[in-house]
Amino acid sequence: MTTDNRSHSDALVLGIDTGGTYTDGILMEYHSREVRAAHKSLTTKRDLSIGIESVIQGIRIEDPSAVRMVSVSTTLATNAIAEGKGKRVALLLIGYDPDLVASFRMEARFATQHYYYFSGGHDLYGQEKAPLDLPAVLEKVASIKDQVDAIAVSSYFSPLNPEHEHRCFQAISGICDLPVVLGHQLSTKLGSVERATTAALNASLLAVLRDFIVAVRRAMERKHIVAPLMVVRGDGTLMSDEFAAATPVETIHSGPAASAIGGRFLSGLDKALVVDIGGTTTDFALIERGQVTVSEEGATVSGYKTAVKAADLFSIALGGDSHIRLARDNEVTIGPERVVPLAYLADQHPGVMSHLKGLNQRQASKIDPEALEFWFLLREPTGAASPASAQEKALLAMLSDGPKPLPEILDRLGLISRVQIGTDHLDRHELIGRAGLTPTDLLHTEGVYTAWNTEAAATALRVFSRCKRWDPEAFSLHVRSMITEAIVHAIVCFLSEKTLPPPPEMEKGGDIGQWFFLNSLRNVHPHLRTRFELSLPIIGIGAPARIFLENVADILYTKLILPDHHPVANAVGAVAGTIMVAEEIIVYPRVAADGLEAIGYYVQAKEERQLFDELEDALANARKLSRERALGAALRSGADNPQVAMEEKTDGLDTYRIRARAMGNPRLAPVDRSL
Amino acid sequence: MELIEVDTRHAYTVIREKIVTLALKPGALINEQELAEEIETGVFPVREALKLLTHDGLVFITPRHGLYVADISLPDLEQLSEMRLALEPVCARLAAERADRDDLAVLEALRKEQLATDPQDSKRLLDIDHKFHQALIRAARNKYLARSLEHLFGLSQRLWFLTLPKLDFLHGAVAEHLEMLEAVRDGDADRAERIMRGHVGAFYDRVRSLLRSED
């Protein structure tokens with residue numbers, strides 16, 4: 001026990017969320033839910049741990065030894081999959097029918113080009129469908145092991161009988177040192193393609209997430225924080241870093257899930273629609289009975305359908321840092337590209353302001369709206385990031401003395417269009433950045449959010465409006481109503497599970513549904529009044545929420561709730577979740593040789609299988625075993641006094657799923673730890 | 001290893017590899033801070049990993065002078081050879097009695113790989129030889145024997161790396177492995193035991209003479 005009363009009562013927890021644009025950190029007193037400090041830094045996509053480290057370094061923590069838990073939500077897995085940055089994986093499919101897979105064109109769903117078929121697998125009753133061709137498996141592994149970083153194995157009906165996956169694991173580990181992931185360890189669902197995809201993605205993310213955890217722990221150590229580390233799952237629950245390192249695929253969508261949890265935690269509402277306006281995207285999630293609703297189907301990421309449980313989310317490519325531009329037809333567009341707000345760029349580089357002033361003094365007809373797009377150097381190129389081509393070198397040399405507007409860059413490189421500049425290499429290594437007019441700049445001009453150079457934002461807005469021959473205020477209103485409509489559009493699509501064309505297309509005329517939507521938004525018809533009414537309040541998250549969601553709530557006839565600290569609710573969500581471990585056991589019949597009669601019941605608990613004569617005994621055993629296992633794993637993951645909820649379902653065919661979910665708040669590290 | 005922190009496990013794997021492959025020299029003083037920076041982890045996991053490595057006998061702690069990579073010497077070699085000469089033949093005997101189809105498939109796959117490997121690639125051949133022994137250990141199905149042999153392997157590996165540049169006979173082990181595989185497949189325990197005794201004995205004779213000639 002400690003004699004220091006203050007640190008005894010203070011249970012500080014550090015929550016970190018790595019979003020597409022910003023990495024947010026908050027320091028919260030766990031019991032009073034009081035946020036003590038918050039910090040934002042830019043997300044470094046090339047290595048997320050850099051952004052995390054700067055948050056941990058930057059956040060004000062008076063007594064690091066009082067921090068008793070650190071929890072992170074991360075877009076790492078989602079990004080790595082989207083950008084193909086996962087490790088190379090060989091996927092071994094045991095007992096899959098290649099013709100069947102080909103006939104449904106499902107190969108593209110396996111998330112790796114290296115997939116191979118072998119005979120083996122089981123049937124619906126867990127009986128061996130064909131003998132496992134282990135020599136062929138080993139021959140293949142021996143021939144490809146130098147070309148891949150990990151191996152995934154998925155056997156047909158392995159949740160009912162994982163014997164072939166297990167034998168593959170033993171044998172493959174005997175001939176090579178690569179990590180081997182087994183399908184049945186990640187999913188007890190029977191969908192064989194989703195299980196294979198999940199195993200392959202998990203294998204490709206193992207080293208990625210391990211390196212991340214090592215880096216976060218190193219950053220904690222540098223700040224003298226000794227505390228358990230948790231990682232947020234895609235359904236918003238927490239797992240220990242040890243579990244996360246083994247099942248990285250479960251972190252898919254953990255960022256948006258953390259936002260929803262944070263919104264719920266800060267507002268105390270048990271029923272609401274959470275709208276999180278970030279820098280790159282706006283994410284939507286539903287809270288019901290105090291929980292984020294979880295999609296019964298597995299999460300889909302970059303078009304890959306997985307068997308991973310994740311929050312039911314909807315996301316649009318519109319955020320505070322979306323690029324506002326004039327398209328060819330002189331129409332205003334917002335996003336989907338993300339740029340650095342001009343207010344921020346001018347804050348960092350004073351030279352930008354004089355560029356903008358110069359532009360503003362020109363005649364409107366001589367202003368090219370592309371002049372508001374600036375390119376700039378993000379960091380000095382070193383090592384592998386060094387520029388390769390002469391054009392890249394010239395570009396970097398030009399940018400080394402400050403940001404330059406796009407027309408000037410083109411001019412000096414002797415080019416006429418941006419498409420002539422190859423920047424893939426420079427973008428991948430985060431060497432150059434782009435800045436432009438964004439909704440965040442408009443927040444500056446309206447005095448809603450003024451962290452950076454307001455004068456630069458106002459000047460840029462004037463320049464842009466003049467191109468369009470509008471006055472700045474009218475233009476600003478126009479952008480706001482575009483954003484409002486895009487968000488209302490997303491909410492209606494998300495909740496109705498229907499699709500609608502984007503508003504500009506609907507203007508050209510459409511069916512009654514489209515007419516109804518537009519009329520409800522704009523009150524166009526002189527006599528017919530229509531409206532959508534949202535029966536839930538909206539919880540707004542993110543700095544731009546205050547200004548962009550007010551109109552949304554009005555149009556949907558509901559309330560907007562902006563809890564304290566809503567700009568960092570995502571990071572709050574990282575610590576507000578509960579630790580959860582689920583253990584599912586399948587009970588299914590052992591059929592007689594004639595295939596008609598059940599002559600006993602199997603209890604299949606991951607690798608372990610037991611046979612019972614009577615169904616009741618089998619079920620009783622499964623209940624006891626799943627409860628024990630879930631409870632044990634939850635305690636090991638750091639849950640405090642976990643409670644177990646049991647759930648039973650039948651698949652039909654005399655097959656039962658017994659699921660135990662052990663949940664508990666994180667057990668905070670004791671205060672009097674000696675280092 | 002199950003209950004070990006993620007970063008400690010990572011540090012353990014990396015440092016152990018450095019010691020075994022002699023990137024960290026026998027007898028060298030260990031600087032935790034430098035090691036942590038080199039492998040990009042915190043100091044804490046490095047410290048924990050070094051504790052585990054002292055259990056493996058690969059790191060020594062001296063109360064006043066800190067941490068050292070365990071030295072290797074000829075007397076060590078003799079003692080290791082005595083133990084392995086006693087245990088490996090037992091292991092081969094049990095493997096011949098107990099190996100199943102899957103064990104044979106693994107042994108066969110390793111033998112094929114050994115055949116296909118460039119005879120000059122000593123490091124790879126050594127790795128395959130090591131895995132062949134581990135496959136026999138698994139086939140023997142005795143966890144206490146397995147634990148003892150794994151421990152002895154860990155200590156022996158450095159001797160192998162020490163003599164690696166001069167180990168020209170590894171490719172000759174192909175014939176021995178084929179014989180061993182046949183004995184295990186036929187369930188001929190006496191023959192498996194005999195082959196293993198010869199195999200381990202010859203190996204240590206060779207390493208011994210190489211180390212002596214270096215002095």
Candidate lysines - alpha carbon under 19 Å from residue A:40, same-chain residues fewer than 8 apart omitted: A:223
Estimated vicinal HN-Hα couplings, Hz - region A:444-456 in sequence order (Karplus 6.51, -1.76, 1.60; Gly, Pro = x): 5, 5, 8, x, 7, 9, 10, 5, 10, 7, 5, 4, 4
Prolate/oblate/rounded label for region B:1-66 (Cα gyration tensor, a/c 1.5): rounded
Where labels lie 7 Å past Cα in the beta-carbon direction, separation of residue A:418 and residue B:115 in nm: 6.0
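Fully extended, how many nm does the chain gain between residue A:366 and residue A:408 (0.36 nm per residue separation, minus their Cα-Cα distance)? Before the final figure, lay out each step's value.
Numbers: separation 42, 0.36 × 42 = 15.12 nm, distance 1.41 nm.
Roughly 13.7 nm would be gained on extension.
Mind checking A:172-179 for the average number of partner chain beta-carbons within 10 Å of each residue's beta-carbon? Write down the numbers at each step before the final one.
Details: counts 2, 4, 13, 12, 4, 3, 0, 0.
Partner Cβ neighbours, averaged per residue: 5.
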Along each principal axis, Cα extent of the protein assembly as shown, largest first, Å: 99, 73, 66
Relative contact order (percent, whole number), region A:579-664, Cα cutoff 8 Å, 6+ residue spacing: 37
Non-local Lys pairs in region A:323-474, i.e. 8 or more apart or on different chains, that have alpha carbons under 16 Å apart: 4
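Kindly provide the trypsin sites (Lys or Arg not before Pro) of region A:408-508 that DSSP labels as loop, not H, G, I, E or B, and whose Cβ sees at most 12 other Cβ atoms within 10 Å. Show your work: numbers first, answer last.
Values: sites: A:412, A:418, A:428, A:434, A:462, A:466, A:468, A:469, A:480, A:498, A:508; in loops: A:468, A:469, A:498, A:508.
Sparse-neighbourhood loop trypsin sites (Lys or Arg not before Pro): A:469, A:498, A:508.
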In Hz, Karplus ³J(HN,Hα) per residue of region B:188-198 (6.51, -1.76, 1.60; θ = phi - 60°; x = Gly, Pro): 8, 5, 4, 5, 4, 4, 5, 4, 5, 4, x
Nearest-10 value in Å² for the accessible area of residue A:198, using the 1.4 Å probe: 0
Residues whose placed amide H lies under 5 Å from that of residue B:30, excluding near-sequence neighbours: B:67, B:68, B:69
Partner lysines for residue A:305 [C-alpha distance under 19 Å; skip if fewer than 8 residues away on the same chain]: A:85, A:87, A:189
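What is the ratio of the Cα radius of gyration of region A:89-207 to 2.2 N^0.38 Å, with N the residue count, to two decimals?
Numbers: Rg = 12.7 Å, N = 119, 2.2 N^0.38 = 13.5 Å.
Taking the Cα Rg and dividing by 2.2 N^0.38 Å, one obtains 0.94.
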Translational D in µm²/s for chain B (Stokes-Einstein at 4 °C, 1.567 mPa s, Kirkwood Rh from C-alpha pairs): 70
A:118, B:153, ranked by accessible area, largest first (probe 1.4 Å): A:118, B:153
Cβ-derived FRET efficiency at R0 56 Å, residue A:288 paired with residue B:34, nearest 0.05: 0.55
Spin-label model distance (nm) - residue A:60 vs residue A:425, 7 Å beyond Cα toward Cβ: 4.5
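Between residue A:296 and residue A:654, what FRET efficiency comes out of the Förster formula 1/(1 + (r/R0)^6) with R0 = 22 Å and r the beta carbon distance, rounded to 0.05? Display every interim value, and only then the final one.
On the way: r = 22 Å, r/R0 = 1.02.
Efficiency at R0 = 22 Å is approximately 0.45.
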Those trypsin sites (Lys or Arg not before Pro) in region B:1-105 that DSSP places in a loop and that have at most 14 other beta carbons within 10 Å: B:64
Over region B:80-154: Kirkwood hydrodynamic radius from C-alpha pairwise inverse distances, Å: 12.9
Under-5 Å amide H pairs with residue A:539, H placed in peptide plane, nonlocal only: A:273, A:274, A:275, A:561
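What FRET efficiency comes out for residue A:390 versus residue B:124 if R0 is 41 angstrom and r is the Cβ-Cβ distance? Round to the nearest 0.05.
0.50
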Segment residue B:146-residue B:213, length gained on full extension (0.36 nm per residue, minus Cα span): 20.8 nm
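Indicate, rounded to the nearest 5 percent, the antiparallel portion of the DSSP beta bridges found entirely in the protein assembly as shown.
Numbers: 78 of 111 bridges.
Once the DSSP bridges in the protein assembly as shown are tallied, antiparallel ones form about 70 percent.
Counting only other chains, what is the mean number of Cβ atoms within 10 angstrom of the Cβ of each residue in peptide A:210-220? Walk me through the intermediate numbers first.
Working: counts 4, 3, 1, 4, 12, 4, 3, 9, 9, 1, 2.
The per-residue average across the peptide is 5.
Once fully extended, how much extra length lies between residue A:123 and residue A:33, figured as 0.36 nm per residue of separation less the alpha-carbon to alpha-carbon distance? Before the final figure, lay out each step's value.
Working: separation 90, 0.36 × 90 = 32.40 nm, distance 5.12 nm.
My answer for the length gained is 27.3 nm.
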Built amide H within the under 5 Å cut-off of residue A:19, gap 5+: A:24
Set of lysines near residue B:25 by C-alpha distance (under 29 Å), chain-local residues within fewer than 8 positions excluded: B:51, B:123, B:131, B:166
Loop sites in region A:210-288: trypsin sites (Lys or Arg not before Pro), DSSP, at most 13 other Cβ within 10 Å: A:271
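So if the hydrodynamic radius of region A:579-664 is defined as the Kirkwood radius over C-alpha pairs, what does Stokes-Einstein give as its diffusion coefficient at 37 °C and 0.692 mPa s, in µm² per second? Present the calculation step by step, with values, prior to reporting the outcome.
On the way: Rh = 13.3 Å.
For these conditions, the coefficient is 247 µm²/s.
The values are calculated or read from the model by the stated rules, or taken from the named source; none is laboratory data. In this text, all values refer to a predicted model and were calculated from it rather than measured experimentally. Glycine gets a Cβ as well: all are built from the backbone with ideal geometry, and neighbour counts include every protein chain shown. With ligands, DNA and RNA removed, areas are computed over all heavy atoms of the protein, side chains included. Shrake-Rupley method; radii C 1.70, N 1.55, O 1.52, S 1.80 Å.
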